[in-house]
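For reference, the structure is listed below as structure tokens.
The values are calculated or read from the model by the stated rules, or taken from the named source; none is laboratory data. Everything quoted here is computed from the prediction, not taken from an experiment. Every residue, glycine as well, gets a Cβ built from its backbone with ideal geometry; the counts of neighbours run over all protein chains shown.
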Amino acid sequence: MKIFNKNIFYLFTITAALGLTSCSDDDSSDGLDNQAPVVTIHEPTTDETADAGGEFHLDVDLEDDVELASYKIEVHNDFDGHTHD
């Protein structure tokens, strides 16, 4: 009978632990970040160039209302004359 009581105790403990840890305390109803982040580029200025192999200063403010998970900076030349307006 002692083994049966221990099994019931363990089952109750595991069930209670799963029930308490599975609750969500998110403020948003859908849990998704629907607002785009705000990116403010201070440096480099428009049409500023850099020499290959040289130093390059980057000053950017990244803001998001919930949490910014990641960001990517891509540096490439405009060999084909394209722009990023």
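Quick notes on this structure:
- Across segment 29-50, not a single residue is classified as modelled with pLDDT of 80 or more, out of contact with any helix residue (DSSP H, G or I) (no Cβ under 8 Å at 6 or more places or on another chain) and on the phi > 0 side of the Ramachandran plot.
- Test: residue in segment 41-56 that is in contact (Cβ under 8 Å) with a residue 24 or more places away in the chain and either out of contact with any Ser or Thr (no Cβ under 7 Å at 6 or more places or on another chain) or not in a loop (DSSP other than H, G, I, E, B) (or both): no
- For segment 30-73, a residue qualifies if it is exposed (fewer than 10 other Cβ atoms within 10 Å of the Cβ), of a type in the set (Asp, Glu) and over 18 Å from the mean Cα position of the chain (by Cα), and the qualifying residues are 47, 48, 51, 55, 59.
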